[in-house]
Amino acid sequence: MRWGGGIRCLKRVLPFGIFSLFCLILIFLKFPKCKEWQPSLMHRPVLFIGGVPRSGTTLMRAMLDAHPDVRCGEETRVIPNILSMLMQWEKEGHKRLLDLAGVTRNVLNNAVGAFIGIVIEQHGDKAELLCDKDPLALKMMIRLSEIFPKAKFILMLRDGRASVHSMIVRKVPVTGFDRTNKEQMLSQWNKTIAQMYNSCEFLGPEICLPVYYEKLILSPKEQMQKIINFLEIDFSQNVLEHHKHIGDEIRLSPREFSTSQVKNKINHDALDAWVGFFPDELLAKLDEVAPMLTKLGYDTKRYKPNYENLPIL
Ligand SMILES: Nc1ncnc2c1ncn2[C@@H]1O[C@H](COP(=O)(O)OS(=O)(=O)O)[C@@H](OP(=O)(O)O)[C@H]1O
C-alpha cells in the first residue's frame, strides 16, 4: 500500500523534475557565463601582500603578477579604508548599538568580505590566484583571515631605516608618519611592523610568510622558490624577469610612488641608500626607538649593515 502511494507520487513529480533539469541545461547553454560561476572570494584562496609602506611590496606583487596564474594589480586603496571603517564600527559604544540592531560581527564580516572580494575580482583580469597589494591592510591581517578563511599573506620586511629614508626623500605621505621628524618615523615604523609581525606569527607559517626585501634583492631565485612553494603554485621563470612583462601582465599605476623603480630589473640601488641619512644621536638610541630592528635581525651597530646575514624566518 505504502509502496504503491510512493510510486504514484513519483510518477507525478518526475515530469516536473525532468522539465526543471531541461530548463537548467538550456540556461547554461544560452548563458555561457553561468558555467563560469565561482563561489565568492571569501571561500576561495586569495593572497594579501603588505608591510610598512616602502618595503618593496610593489616589487613583490609585480614579480607575482608576471606569473601566468597570479593577478594582483594596482593598490586599491579602498580595501584598507573599509577595514579601518570596520574597526571604527566595532569600537566600544558603537558595538553595543550594532549588536542590538542585529548587525553582528558575522553580518559585518560577510558585508565587508563581499565588498573586498568584489574589488579584488573586478579591478583587474581573472586569474587562478587573485591577490591584493595594499601595504597597510596587513595591519588587519587577523580579521582578514577570519573573513577570508582560505587567505594567505606575504608580509614584506625591510630595514626600517631604509623605509623611513624612502618615505622622506621620495615625499611619500603615509598616515601616522611625520616626515619632519626622523625619530617619530622610526618609532612609527617600529609600532606598525611589530603589530604586523606579531599577527603574522599568530597566524602561523602556513598562512603568513614574512619575506625580507633585502633577501629578495640579493637572492631572488631562492626567495621566489620559497614564495611559490608557500602559495602552492608551479614555478614560472617569468617571476624572475618581471621587467619584461610590464604593461602586459603587470599593470602599473602612474600615480603610485614605486612605479618608476619597479619598471627596472631587480637591482641593489636602494639597499643602503639610507646610510649617512640619520644623525648619530638617533643612531645611538636605535635599540630604544626601534627595537624591532634587532628583533628582525638587522644590525644596528654597524654604520653600513651586511644584509647577507639576515636570519631565516
Ligand atoms: N626593481 C627593483 N629593484 C630593487 N628595488 C626596487 C625595485 N622596484 C622597487 N624597488 C624598491 O621598493 C621600494 C618601494 O617599496 P614599496 O613598493 O613597498 O612602496 S609603496 O609602499 O608601495 O609606496 C623603493 O625603495 P627606495 O628606492 O628606497 O625608495 C624601490 O626602490
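Bear in mind that the values in this text are calculations on the coordinates, not laboratory data. In this text the structure is predicted, and so the values were computed from the model without any measurement. Glycine gets a Cβ as well: all are built from the backbone with ideal geometry, and neighbour counts include every protein chain shown.
Structural remarks
- The range 240-282, residues that are away from the ligand (no atom under 11 Å from the Cβ), assigned to a helix (DSSP H, G or I) and either closer than 21 Å to E74 by Cβ or among the hydroxyl-bearing types (S, T, Y) (or both): K244, H245
- Failed item in (1) of a type in the set (K, R); (2) free of Cβ contacts under 8 Å to residues at least 12 places away in the same chain; (3) within 13 Å of the ligand (Cβ to nearest atom); (4) not in a loop (DSSP other than H, G, I, E, B), with R161 passing the rest: (2)
- Flag if A127 is in contact (Cβ under 8 Å) with a residue 24 or more places away in the chain and not in a loop (DSSP other than H, G, I, E, B): no
- In summary, R61 fulfils each of the numbered conditions (1) surrounded by fewer than 16 Cβ atoms within 10 Å (Cβ to Cβ); (2) within 16 Å of the ligand (Cβ to nearest atom); (3) not aromatic (F, W, Y) with the single exception of condition (1).
- The range 253-265 residues that are on the phi < 0 side of the Ramachandran plot and touching a residue at least 40 places away in the same chain (Cβ under 8 Å), paired with ones that are within 6 Å of the ligand (Cβ to nearest atom) and hydroxyl-bearing (S, T, Y) (beta carbon under 6 Å, 6 or more apart): S258/T58; V262/T58
- Restricted to the range 181-197, and to residues there that are within 26 Å of G113 (Cα to Cα) and not aliphatic (A, V, I, L, M), the residue that is surrounded by the fewest Cβ atoms within 10 Å (Cβ to Cβ) is Q195.
- Residue selected from the range 210-229 under the condition hydrophobic (A, V, I, L, M, F, W, C) and surrounded by fewer than 18 Cβ atoms within 10 Å (Cβ to Cβ), by the criterion nearest to P149 (Cα to Cα): I228
- Within the range 283-304, being under 22 Å from R170 (Cα atoms) and part of a loop (DSSP other than H, G, I, E, B) holds for A290, K304.
- Set side by side, the residues D125, D178, D159 differ, and just one is crowded, with 16+ Cβ neighbours inside 10 Å and charged (D, E, K, R), which is D159.
- Boolean, I227 is touching a strand residue (DSSP E or B) at 6+ places or on another chain (Cβ under 8 Å), more than 11 Å from the ligand (Cβ to nearest atom) and either farther than 23 Å from P210 by Cβ or not aromatic (F, W, Y) (or both): yes
- Unique match (being among the aliphatic types (A, V, I, L, M), under 18 Å from K139 (Cβ atoms), within 14 Å of the ligand (Cβ to nearest atom) and assigned to a helix (DSSP H, G or I)) among I217, I193, I168: I193
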